[in-house]
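First the structure, in the form of structure tokens, and then the observations on it.
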Amino acid sequence: NYDMNGWFEVKGNPISKVGVFDYSGAQVGAPPADANKIYKVYRPAEELADPETIASFKLTPLINDHRMLGEGHTAADEYGVDGVIGENVYFSGDTLYANIKVFGKGLAEDLKKGKVDLSLGYRCIYDFTAGSYNGQVYDCIQRKPRGNHIALVDQGRMGPGVKVLDHLVFTVDAKETLVDPEELKKLDVREF
């Protein structure tokens, strides 16, 4: 849907979901020797449904590609904010939903060209307790995710099950598997 300003908005858009996902060791804070090892990471419902998690994603910037924003990082106005996650963030079933509004012309053009995947940028704690969820074994659990931004990225981790409930298709979560641990330290970002 477009508003009177020509800004695109999707209400009730999936932005994350419960499950077990692949992350590189660098992304989860593993020792440098395991930086390129793939870890199975569980994202539980109780963490996505936590009121503090939900509140932390309200009114966070929508940007093109990942960059940690805010104090001690890149200023939002320096990097450019192309949109926003609105205030209607909620958890239902196994999915975190939000309304997303696109302001930036460049981001809107990228969407039209097919760059449609979304990825949450946030801080969290990795609890290295192994287990299994729905028959999938995991190495660690994401705890206390706290939002910084949502980014339009080239490839998402969530796959086609998380998409815009409109004519455009979005997926959530960058799908990097090999990350330079030194670069990750500079960014201080974890992608959902």
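The values are calculated or read from the model by the stated rules, or taken from the named source; none is laboratory data. The shown structure was predicted, so the numbers you read here are calculated from the model rather than taken from an experiment. All Cβ positions, even for glycine, are placed from backbone atoms using ideal geometry, and neighbour counts span all protein chains on display. In case anyone asks, the SASA skips ligands and DNA or RNA and just uses the protein heavy atoms, side chains included. Shrake-Rupley method; radii C 1.70, N 1.55, O 1.52, S 1.80 Å.
Details
- Residue list for the stretch 68-122, filter: in contact with a strand residue (DSSP E or B) (Cβ under 8 Å, 6 or more places away or on another chain), open to solvent by less than 70 Å² (accessible area, probe 1.4 Å) and hydroxyl-bearing (Ser, Thr, Tyr): TYR79, THR95, TYR97, SER119, TYR122
- Selection from the stretch 1-29 of residues that are assigned to a loop (DSSP other than H, G, I, E, B) and open to solvent by 40 Å² or more (accessible area, probe 1.4 Å): ASN1, ASP3, MET4, ASN5, GLY6, TRP7, GLY29
- Any chance LYS185 is surrounded by fewer than 22 Cβ atoms within 10 Å (Cβ to Cβ), more than 24 Å from PRO31 (Cβ to Cβ), modelled with pLDDT under 95 and basic (Lys, Arg): no
- Checklist (1) part of a strand (DSSP E or B); (2) of a type in the set (D, E, K, R); (3) touching a Lys or Arg at 6+ places or on another chain (Cβ under 9 Å) applied to GLU87, failing item: (1)
- Residues being open to solvent by 50 Å² or more (accessible area, probe 1.4 Å) and farther than 30 Å from LYS105 by Cα - total across the stretch 30-59: 11
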